[in-house]
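Scroll down for the structure; my scribbles are underneath it.
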């Protein structure tokens, strides 16, 4: 009976230690320097976006339109915001619409061609920004596991369906106010950075 009590005590101590570690890590990740209450928003979501109750999909600020890009494949990309974030990031958000009446496969080229991105699944990691003044191209940022900091999982869209998206890039220098956005298989468009 002592062996059973010892095993039970170790199990209880292990659970207690795990609970304390989880509490400490959540507290450390949730506190901000400005004293504001953490609303549980993901750090990879655009700062101006709100999460809704259907799984945390991002809802872009659609009060303005920076560019509308129409592709020959029936997809339309509307860019609503391009905002500099703290830490040197630029977050682009908007919507993708399938203007076809039929369900259509999203182009594989939107994933990007890098081997690391290909293994992480469907995403919008193929989108790039071009700073003509600085002669630089900016790619979607990746996290430490290689996953792109962009909307993922869009594989097929029903006819006339719309999907919200975001993508984070390294921010161009402060003096740069406009960049070109390139979505594979679609024409370039110039967007203004706010």
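The values are calculated or read from the model by the stated rules, or taken from the named source; none is laboratory data. All of these numbers come straight from a predicted model, not from anything done at the bench. Glycine also receives a Cβ, built like all others from the backbone with ideal geometry; neighbour counts cover every protein chain displayed.
For the range 90-123, a residue qualifies if it is farther than 15 Å from residue 160 by Cβ and surrounded by fewer than 18 Cβ atoms within 10 Å (Cβ to Cβ), and the qualifying residues are 105, 107, 108, 109, 113, 114, 115, 116, 118, 119, 121, 122.
Out of all the residues in the range 68-81, is one or more at positive phi, surrounded by 14 or more Cβ atoms within 10 Å (Cβ to Cβ) and either at pLDDT 90 or above or in contact with a helix residue (DSSP H, G or I) (Cβ under 7 Å, 6 or more places away or on another chain) (or both)? There is at least one residue in the range 68-81 that is at positive phi, surrounded by 14 or more Cβ atoms within 10 Å (Cβ to Cβ) and either at pLDDT 90 or above or in contact with a helix residue (DSSP H, G or I) (Cβ under 7 Å, 6 or more places away or on another chain) (or both). Out of the range 121-138, which residues are outside any loop (DSSP other than H, G, I, E, B) and at pLDDT 95 or above? Hits for the range 121-138 are 128, 129, 130, 131, 136, 137, 138. Residues in the range 144-194 that are on the phi > 0 side of the Ramachandran plot and touching a helix residue (DSSP H, G or I) at 6+ places or on another chain (Cβ under 8 Å) were compared, and the one that is surrounded by the most Cβ atoms within 10 Å (Cβ to Cβ) is 185.
Of all residues in the range 143-154, how many are in contact with a strand residue (DSSP E or B) (Cβ under 7 Å, 6 or more places away or on another chain) and in a loop (DSSP other than H, G, I, E, B)? Looking only at that region, the number is 3. One residue alone among 167, 125, 67, 161 is within 15 Å of the chain's Cα centre (by Cα) and touching a residue at least 60 places away in the same chain (Cβ under 8 Å), and that residue is 167.
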